[in-house]
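For reference, the structure discussed in these notes is given below.
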Amino acid sequence: MTTGTNNSSNYPYLTTDGQIPIGSSIGNPTSATITAGTNVTVTNGHNTITIAATGGAFATVNQTTGTVTMAAFTRYITNDASQVVYTIPATAAIGDTFIIIGTHVGAAGWQIQANTGQTVYYGIYATSSAGTLTSNNQYDCVTITCTTANVSFTAYATQGNLTAA
């Protein structure tokens with residue numbers, strides 16, 4: 001940055017809070033604000049720019065009812081004496097991940113229910129379209145991740161002996 005003879009800035013590009021100069025290989029630089037992306041917030045202030053990460057961690061749900069459609073990046077603690085049915089959402093992006101954890105309260109265990117056209121792969125096993133992956137012990141746990149948008153899910157990081165149907 002250069003200054004003029006009256007000590008004022010010759011940098012006319014900085015016009016509002018949070019703007020920074022952005023260079024160009026084909027023209028003059030211009031001023032602009034930083035754009036927030038997924039799980040990132042940008043807060044512009046007087047002589048400041050604050051960049052913060054949001055989310056990133058799994059939400060935790062104490063599941064105490066019999067049936068739920070799962071939400072991506074959520075850890076479910078199974079706390080219902082009856083079997084809990086966890087339905088995979090009809091729309092899921094590659095990388096969407098779900099965690100189910102069995103407990104001493106969930107004596108009847110849990111079941112993952114796929115929708116028509118969805119399959120869960122568990123080792124050498126696969127559920128049928130709209131099939132199920134079921135715990136056989138109240139303490140069984142599983143993590144599943146969407147590997148093909150909306151249709152394929154892989155079960156891993158398992159504890160216990162699950163049944164694919």
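The values are calculated or read from the model by the stated rules, or taken from the named source; none is laboratory data. Because the structure is predicted, anything quoted here is derived from the model rather than measured. Don't worry about glycine lacking a Cβ; one is built from the backbone with ideal geometry, like all the others, and counts go over all protein chains shown.
Can you tell me which residue within the range 13-43, out of those that are assigned to a loop (DSSP other than H, G, I, E, B) and touching a Gly at 6+ places or on another chain (Cβ under 8 Å), is surrounded by the fewest Cβ atoms within 10 Å (Cβ to Cβ)?
39
For residue 76, only one of the following conditions fails: (1) surrounded by 11 or more Cβ atoms within 10 Å (Cβ to Cβ); (2) farther than 27 Å from residue 153 by Cα; (3) within 23 Å of the chain's Cα centre (by Cα). What is its number?
Only one criterion is unmet by residue 76, namely (2).
Go through the range 44-58 and give me each residue that's surrounded by 13 or more Cβ atoms within 10 Å (Cβ to Cβ) and farther than 30 Å from residue 76 by Cβ.
Of everything in the range 44-58, those that are surrounded by 13 or more Cβ atoms within 10 Å (Cβ to Cβ) and farther than 30 Å from residue 76 by Cβ turn out to be 44, 49.
For the range 142-151, enumerate the residues that are more than 18 Å from residue 74 (Cα to Cα) and surrounded by 14 or more Cβ atoms within 10 Å (Cβ to Cβ).
151 - this is the single residue of the range 142-151 that is more than 18 Å from residue 74 (Cα to Cα) and surrounded by 14 or more Cβ atoms within 10 Å (Cβ to Cβ).
Using beta carbons and a limit of 6 Å, which pairs, at least six apart or on different chains, have the first residue in the range 27-49 and farther than 18 Å from residue 15 by Cα and the second one in a loop (DSSP other than H, G, I, E, B)?
Pairs that qualify, where the first residue is farther than 18 Å from residue 15 by Cα and the partner is in a loop (DSSP other than H, G, I, E, B), are 39/54; 39/55; 39/56; 41/54.
Please work out if residue 158 is farther than 15 Å from residue 77 by Cα and assigned by TED's automatic domain parsing to the domain that holds residue 68.
No; evaluated as a whole, the condition is false for this residue.
Counting only residues that are without any contact (Cβ under 8 Å) to a residue 40 or more places away in the chain and within 18 Å of residue 159 (Cβ to Cβ), which one in the range 113-123 is surrounded by the most Cβ atoms within 10 Å (Cβ to Cβ)?
Per the criteria, the residue is 121.
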